[in-house]
Amino acid sequence: MAFKLRLSIVIPVSAVIFISAVSADLFAAPEPEQESDQQVNDFSLAGYGERGKKSWEIAGTSADISTDNVKLKDVTGHLYGEEENIKLTSQRGDFNKAQGKVHLEKDVVITTSSGATLTTDTLDWDRKNNKVSTKDKVNIVRDNMMTEAVGAQGQPGLSQVELKQDVKVDILPKEDPDKKGQVQEKVTITCDGPLAVDYEKNIATFNNNVKVERSDSTIYSDKMDIYFLKEEKGKLDPKADKTNQDKAAKDKDQMGSKIDKIVARGNVKIVRGENVSYSDEAVYDAAGGKIVLVGRPKLIIFSTEDMKNAPLGN
């Protein structure tokens, strides 16, 4: 005999977790070929941290509850942090109650309150260790910086991310805030990987067969550290409360897409027109437009005009 009821369950998973649902069909006697124990609609889970503050939640339009896993459809997840909020969405998902892990599939999107977006086909979210990972192709958009790679691991807020292989970063042209009316040039950076990005320290480290293409030059190296300038997002509101002022201050100083300095190491080759230089290391200062070659430098110069901004180091 089937009947409908309003379901409320409490499951202990390292933090307080609540499951609520409506329109549940429970069967007094087991049916043949039953795929799960219960079929639930309008499903939601929430976790609470210290002082009863909600730290995360997951919701779906329907779910199958089995012994170990909760299967979700049309998944929406939220992580609530002190400095940033994160939203995760996908068409399907599995929540492992014992391990506290979530596996998302199909049209997976991470969106952060600071404006970064990651899209991929599958994603594993480890709540306990605060990590997300995927073996599939990923695309990350942050301001005018477009990044694609195969495989990724990092924090859900994307403040620290490691992209595994076949990395390509496009820094698209936009108006230079320091020079009104002037547009920054497009820069394309590729490498075999991995690429480690730390948005808090404003640095990206590229590894293996690194190539930087600009309109007037190309840089090759085994490894490359690219330092980015912090970007102001606007003036602080003096009337805002302290919490909003602190968040605005963090957003105001977040990593931008304008290159400050490039440090290339290992088999460095720089091509400018017909001119080519070789060295163990090269340091490019974007503000001064100068390149310093360090360690057994070798220059092949066809036009001194093209190399006037590339002084020789030791």
* Asked: Which ³J(HN,Hα) values in Hz, rounded to whole numbers, follow from the phi angles of segment 115-122 under the Karplus curve 6.51 cos²θ - 1.76 cosθ + 1.60, where θ = phi - 60° and Gly and Pro get x?
  -> x, 8, 9, 10, 10, 6, 8, 9
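Given R₀ = 25 Å, what would the calculated FRET efficiency be for Lys135 paired with Asn209, taking r from the Cβ atoms and rounding to 0.05?
Working: r = 21 Å, r/R0 = 0.84.
Once the sixth-power term is evaluated, E becomes 0.75.
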* If you stretched the chain out fully between Thr76 and Leu172, how much longer would it get, using 0.36 nm times the residue separation minus the C-alpha to C-alpha distance? -> 31.5 nm
* To do: Anything over 21 Å Cα to Cα? Flag those among Lys135/Lys211; Lys223/Lys261; Lys131/Lys168; Lys258/Lys298; Lys53/Lys201; Lys106/Lys168, in the order listed.
  => Lys135/Lys211; Lys131/Lys168; Lys258/Lys298; Lys53/Lys201; Lys106/Lys168
* Please list the non-local residues whose amide H lies under 5 Å from the amide H of Ala46, H modeled 1.01 Å from N, same-chain partners needing a gap of 5 or more. => Phe18, Ile58
* Under a point spin-label approximation (7 Å from Cα along Cα-to-Cβ), what is the Gln165-Asn85 distance to one decimal in nm? -> 3.9 nm
* Label segment 68-213 by shape, choosing from rounded, prolate and oblate, from the square roots a ≥ b ≥ c of the eigenvalues of the Cα gyration tensor; if a/c is under 1.5 it is rounded, and otherwise prolate applies when a/b is larger than b/c, oblate when it is not. => prolate
* Structure fact -> If the chain between Lys269 and Ser113 were fully extended at 0.36 nm per residue, the gain over the current Cα-Cα distance would be 52.2 nm
* Structure fact -> For Lys53 and Ala98, extending 7 Å from Cα along the Cα-Cβ vector and measuring point to point gives, in nm, a value of 3.3 nm
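Order of 151-162, 72-83 by packing, highest average Cβ count within 10 Å first?
151-162, 72-83
Since every read-out is calculated from the coordinates, none of them should be taken as a lab result. Bear in mind that the values here come from a model prediction, so they are computed numbers and not experimental data. Cβ coordinates were reconstructed from backbone atoms using ideal geometry, including for glycine residues, and neighbour counts include every protein chain displayed.
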